[in-house]
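First comes the structure, then the notes that go with it.
The values are calculated or read from the model by the stated rules, or taken from the named source; none is laboratory data. Keep in mind it's a predicted model, so treat the numbers as computed, not measured. Methodologically, a virtual Cβ is constructed for each residue, glycine included, from the backbone with ideal geometry; neighbour enumeration extends over all protein chains shown.
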Amino acid sequence: MSIPPPVRRTIPYVVSAVFGFGLAYAAVALFVFPARPAEAAAEITVPNVVGTDYKDATAQLKTLGLSPARGLKRYDPGSPVGMVLRQNPTANAIVPKGTPVVLDVSLGEQQATVPAIVGVTQERARLALQNASLILGTVSEVKNSAPRGQVLSSTPPAGASVAVPSSVNLVVSAGPDSIGMPDVTGQRYADARTLLMQLGLVIGQASYDPTSLLPQNTVVAQSPAANSPIAAGSRVTLTIAGHAPQ
């Protein structure tokens, strides 16, 4: 069956119209309903895992399709070992599936051992505590036969494990009520002065003996005399070999 000429002449126009309509429909669909990337459908809201145990936090993140990673480990007072202290990205951030979430974890409360400081001077005890990241607390004095300023006890005692920073209280000797005056003749003036001060004695104005045959700055005489009883806080006068400083 042949197509009449008038109909045959209209076929190209009909085909063009149909093709044009289809092309226009496709263009409208492309702009009005754009294709969304596959990643958009995989976006995840990061949960808040700060304050939870690291193992629990990693399990929660993996369940959601995120990738937990361990960050810094640091001491934190009041936080148990393994608690998450910080996360990056932060809670409620919108991220693609598989994004790493870095977790900083607590090492717990830092501990230090109280050093052995009984028998040393108060200043040496302070330095020892400082080196152990501890703090010198209250210092009490009691009369004792030990040299003035010598540490008699510490609280907590040596060897105790304490949190950092913690204070360590000391009891130090105030020196005895009375002592036998030590013999410091023949000693260097600086050494004699240190010994007498540790005993709680007061060093008076020194005098000089330019005629002495002993080395300069050597103690050649003392008052009170050696072995005489002397009360704590008494004044001691020393005579030194050599000339007085100008």
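Residues in the stretch 207-237 that are hydrophobic (A, V, I, L, M, F, W, C) and exposed (fewer than 15 other Cβ atoms within 10 Å of the Cβ): LEU213, LEU214, ALA225, ALA226, ALA231.
Could you tell me whether the stretch 50-58 includes any residue that is surrounded by fewer than 16 Cβ atoms within 10 Å (Cβ to Cβ) and in contact (Cβ under 8 Å) with a residue 60 or more places away in the chain? No. The strands (runs of 3 or more DSSP E) found wholly in the stretch 88-158 and carrying at least 1 residues that are under 30 Å from PRO182 (Cα atoms) occupy 135-142, 151-155.
Among the residues of the stretch 78-98, those identified as crowded, with 17+ Cβ neighbours inside 10 Å and either touching a His at 6+ places or on another chain (Cβ under 8 Å) or not hydrophobic (A, V, I, L, M, F, W, C) (or both) are SER79, GLN87. I'd like to know if the stretch 184-193 contains one or more residues that are assigned to a loop (DSSP other than H, G, I, E, B), over 26 Å from the mean Cα position of the chain (by Cα) and modelled with pLDDT under 95. No, the stretch 184-193 contains no residue that is assigned to a loop (DSSP other than H, G, I, E, B), over 26 Å from the mean Cα position of the chain (by Cα) and modelled with pLDDT under 95.
Candidates in the stretch 155-178 are the residues that are among the hydroxyl-bearing types (Ser, Thr, Tyr) and free of Cβ contacts under 8 Å to residues at least 40 places away in the same chain; of these, the one that is surrounded by the most Cβ atoms within 10 Å (Cβ to Cβ) is SER173. Scanning the stretch 74-96 for residues that are among the polar types (S, T, N, Q) and more than 26 Å from the chain's Cα centre (by Cα) turns up at least one hit. Restricting attention to the stretch 159-183, the residues being more than 30 Å from SER228 (Cβ to Cβ), hydrophobic (A, V, I, L, M, F, W, C) and assigned to a strand (DSSP E or B) number 4. The set of residues from the stretch 119-145 being in contact (Cβ under 8 Å) with a residue 24 or more places away in the chain and buried (at least 16 other Cβ atoms within 10 Å of the Cβ) comprises VAL120, THR121, GLN122, ALA125, LEU129, LEU134, LEU136, GLU141, ASN144. Just to be sure, is PRO215 under 30 Å from SER153 (Cα atoms), modelled with pLDDT of 90 or more and in a loop (DSSP other than H, G, I, E, B)? The answer is no for PRO215. Cβ-Cβ distances below 9 Å connect no pair with a first residue in the stretch 98-115 that is closer than 22 Å to ILE135 by Cα and touching a residue at least 60 places away in the same chain (Cβ under 8 Å), a second residue that is not basic (Lys, Arg) and not in a strand (DSSP E or B), and a separation of six or more residues or different chains. Taken together, LEU85, LEU103, LEU107, LEU129 contain a single residue that is at pLDDT 95 or above, aliphatic (A, V, I, L, M) and farther than 30 Å from ASN48 by Cβ, which is LEU129.
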